[in-house]
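In what follows, a structure is listed as structure tokens, so that the remarks can point back to it.
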Amino acid sequence: MSGPDQAEFWNSRFSEDGFAYGERASRLLMAFSDLFRPGQKALVPASGEGRDAVFLARLGLDVTAVDMSASGLSKTEDLAASHGVFVTCIEADLSSWDWPEGRFDHAAIMFAHMPPDFRPAFHARLLGALKTGGHLFVEGFTKGQSQYQESHQSGGPPNPDLLYDPTDIKADFAGGEPVSFWTGIETLSEGPYHSGPAALLRAVFRKTESK
Ligand SMILES: C[S@@+](CC[C@H](N)C(=O)[O-])C[C@H]1O[C@@H](n2cnc3c(N)ncnc32)[C@H](O)[C@@H]1O
């Protein structure tokens, strides 16, 4: 799928009633919520309908959400308003976005599976957007998810090349020290498109050098 086709796909999904991946934040962000302080700056690329961006804004963070889907960003604005908070929403293709450098205390990519010819550059930009000492949160499906897609339709990109190989993720974020790194099977209950047993990776890195 090319850029415009992809945006159309996500706009169509996010135009459905309700929230494709639920309104609750990802379990990873909830588990590490003691790292978040009011006033800190957070970046949420590929933010979808805004569940994680709004979660961070409700904790008092200054949050920027970036996504190619106008429908997802519109839902993010509405979800934020319903909780009396604000999220800065930017509609952009992350492969051509003018990424800020050294600006954020936290960055979170949840199920932001990019093609192999863009993934390493995407992850490098992400690390570059963090301040030294900033935290990066990554959650997504591992290669083993192909099996659960067949048996349970529990989510993730149909193209297996987009599923995470833990070795790639460690290599991409070698400019950060791992704070937590987990892969395993867990039953998701995050809206209609993330539901059932799934092969997952959840990781947190702390940026240790200026990259
Ligand atoms: C599976 S959804 C995950 C949404 C959200 N992170 C969540 O977990 O609820 C993937 C998201 O990535 C966005 N996306 C994919 N490729 C993108 C790109 N190149 N630029 C901007 N957004 C992109 C899609 O629009 C979609 O919102």
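At-a-glance table
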item	result
Helix-only [θ]222 nm of the chain, DSSP H runs n ≥ 4, -39500 (n - 2.57) each, per residue, nearest 500	-8500 deg cm²/dmol
Dipole in debye (nearest 20) - segment 3-207, about Cα centre, beta carbon charges: Lys, Arg +1; Asp, Glu -1	760
Estimated FRET transfer efficiency when R0 is 25 angstrom, pair Arg13-Thr167 (beta carbons, to 0.05)	0.25
Asp168 accessible area, assembled protein chains, probe 1.4 Å, Å²	50
Rounded FRET efficiency, nearest 0.05, which uses the C-beta distance separating Asp98 from Asn159 and R0 of 22 Å	0.20
Solvent-accessible area per residue, Å², over segment 3-207 with all protein chains present [probe radius 1.4 Å]	44
Convex hull of segment 1-74 built on C-alpha atoms - directionally averaged projected area, nm²	5.1
Relative contact order of segment 1-133, pairs being alpha-carbon contacts under 8 Å that are 6 or more residues apart, as %	23
For the chain, share of DSSP beta bridges that run antiparallel, in % to the nearest 5	55
Fraction of accessible area attributable to carbon and sulfur, segment 1-60 (%, probe 1.4 Å)	50
Residues Ser33 and Thr183, FRET efficiency given R0 of 22 Å [Cβ-Cβ distance, rounded to 0.05]	0.50
Relative contact order of segment 92-211, defined on C-alpha pairs under 8 angstrom at six or more residues apart (%)	30
Solvent-accessible surface (1.4 angstrom probe) belonging to Tyr193, in square angstrom, nearest 10	70
Signed unit charges on C-beta, dipole axis of the chain, positive-most listed residue Ala112, Leu56, Pro192	Leu56
Stokes-Einstein D in µm²/s, Kirkwood radius over Cα pairs - the chain at 37 °C with 0.692 mPa s viscosity	192
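The values are calculated or read from the model by the stated rules, or taken from the named source; none is laboratory data. Quantities reported herein were computed from a predicted structural model and do not represent experimental measurements. Note that each Cβ is placed from the backbone with ideal geometry, even for glycine, and that neighbours are counted across all protein chains shown. Areas reflect the complete protein model, heavy atoms only, side chains present, ligands, DNA and RNA absent. Shrake-Rupley method; radii C 1.70, N 1.55, O 1.52, S 1.80 Å.
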